[in-house]
Amino acid sequence: MLKIKNLHVHYGAIHALKGVNLEIQSGEIVTLIGSNGAGKTTLVRTISGLISPSEGTIEYSGKELTRQPTHRIVQLGVAQVPEGRMIFQNMTVEENLELGAYGWKDGMKEEMEKVFQLFPRLKERLKQNSGTLSGGEQQMLAIGRALMSRPTLLLLDEPSLGLAPNLVQQIIKTLIQINQQGTTIFLIEQDAFLALEIAHRAYVLETGNITLEGNAKELLKNPKIREAYLGEINP
Ligand code: ATP
């Protein structure tokens with residue numbers, strides 16, 4: 001479904017992605033783990049069309065995404081929940097959700113109801129200014145807004161960042177629900193344990209290179225992963 005081949009990204013002299021190859025099949029939850037500065041955000045932003053690669057291709061459902069404008073990529077079914085949420089603080093919850101619909105109007109209310117089933121809190125806060133929502137509610141809104149574009153692939157950049165553990169659990173449960181309803185998920189996470197627990201497959205990114213890939217449950221048992229990302233010290 002998503003096929004990334006030999007992807008290179010440069011920021012001036014900085015070579016942030018060095019020939020990344022990655023594939024996601026329809027219906028999967030795939031996670032990308034890696035330490036700070038590994039290039040995770042760069043990869044998501046390149047898939048979304050916010051960054052142009054210097055080399056390589058990204059194909060989604062047989063269509064070339066590389067060098068397409070972001071709105072076209074959203075129309076093709078790929079939506080991003082960016083790191084830091086990036087909701088419009090001075091707009092209400094409702095207005096933020098409407099913006100996620102990207103131009104289409106028919107069935108907007110029904111689509112919003114689907115979001116409220118996942119996040120009932122948003123319905124209670126519909127007319128509230130988004131800037132006054134709690135961190136967890138803002139994350140729910142960011143996910144809800146992305147879902148309003150009716151994506152088939154949802155990209156999430158560190159949705160657990162800065163949230164209390166019980167809220168993280170709630171967000172994770174909802175992601176599993178979204179996946180079970182048919183949306184493929186690509187999850188970027190610093191919390192490797194959390195990510196590997198819910199993902200089907202995983203990739204490890206280190207300084208711009210994919211160094212490991214495989215079944216998430218197997219990677220969870222891998223001593224290298226346990227030492228580098230789960231804070232365990234091998235004897
Ligand atoms: P984190 O987990 O800390 O968010 P990350 O894995 O998402 O890290 P990126 O943000 O993709 O990493 O950054 C990859 C590398 O590219 C880093 O060395 C970073 O300093 C560099 N980089 C990112 N954005 C820019 C930019 N706009 N200009 C120059 N260098 C950048």
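Read-outs: derived from the displayed coordinates by stated rules, not from any lab. Remember, predicted model here, so these are calculated numbers, not experimental data. Cβ placement follows ideal geometry from the backbone for every residue including glycine, while neighbour counts extend to all protein chains displayed.
Quick notes
- Rounded to the nearest 20 debye, dipole of the chain from Cβ charges on Lys, Arg, Asp, Glu: 220
- Highest-MSF residue in the chain out of L97, L147, L167 [GNM, Cα springs under 10 Å]: L167
- Choice from I47, I29, I176 with maximal GNM fluctuation in the chain (Cα, 10 Å cutoff): I176
- Whole-Hz Karplus values for the stretch 78-94 come out as 10, 10, 10, 9, x, 4, x, 6, 6, 7, 7, 4, 8, 10, 6, 4, 4 Hz, taken residue by residue from phi with 6.51 cos²θ - 1.76 cosθ + 1.60 and θ = phi - 60°; glycine and proline positions read x.
- Relative contact order (%) - the stretch 64-211, alpha-carbon pairs under 8 angstrom, separation at least six: 28
- A cut-off of 5 Å between modelled amide H atoms, ignoring neighbours fewer than 5 places along the same chain, links N129 with no other residue.
- For the residues L153, L163, L43, a GNM of the chain with alpha-carbon springs under 10 Å puts the largest fluctuation on L163.
- Between E197 and K224, the distance separating the two model label sites (each 7 Å from Cα on the Cα→Cβ line) works out to 2.5 nm.
- Entry note, the chain: the mean residue ellipticity at 222 nm calculated from DSSP H runs of n ≥ 4, each adding -39500 (n - 2.57), is -10500 deg cm²/dmol after division by the residues and rounding to the nearest 500.
- Annotation for L161 and H10: the two label points, set 7 Å from Cα along the Cα-Cβ direction, are 2.7 nm apart.
- When each of K105/K127; K109/K173; K3/K40; K5/K40; K5/K173 is checked by Cα-Cα distance, pairs over 22 Å: K109/K173; K5/K173
- Label-zone membership for the stretch 76-96, site M1, 7 angstrom Cα→C-beta point, backbone N under 20 Å: 76-82
- 3J(HN,Hα) from dihedral phi, the stretch 72-77, Karplus parametrisation 6.51/-1.76/1.60, rounded to Hz, x for glycine, proline: 5, 5, 5, 4, 7, x
- Projecting the Cα atoms of T211, G12, L194 onto the dipole axis of the chain, where Lys and Arg carry +1 and Asp and Glu carry -1 at the beta carbon, places G12 farthest toward the positive end.
- Rounded FRET efficiency, nearest 0.05, which uses the C-beta distance separating K173 from Q25 and R0 of 22 Å: 0.45
- Computed lengthening from S134 to M91, 0.36 nm per intervening residue step minus Cα-Cα distance: 14.0 nm
- 3J(HN,Hα) couplings calculated from phi for the stretch 224-229 with the Karplus curve 6.51 cos²θ - 1.76 cosθ + 1.60 (θ = phi - 60°) are, in sequence order, 4, 5, 4, 6, 7, 10 Hz; Gly and Pro show x.
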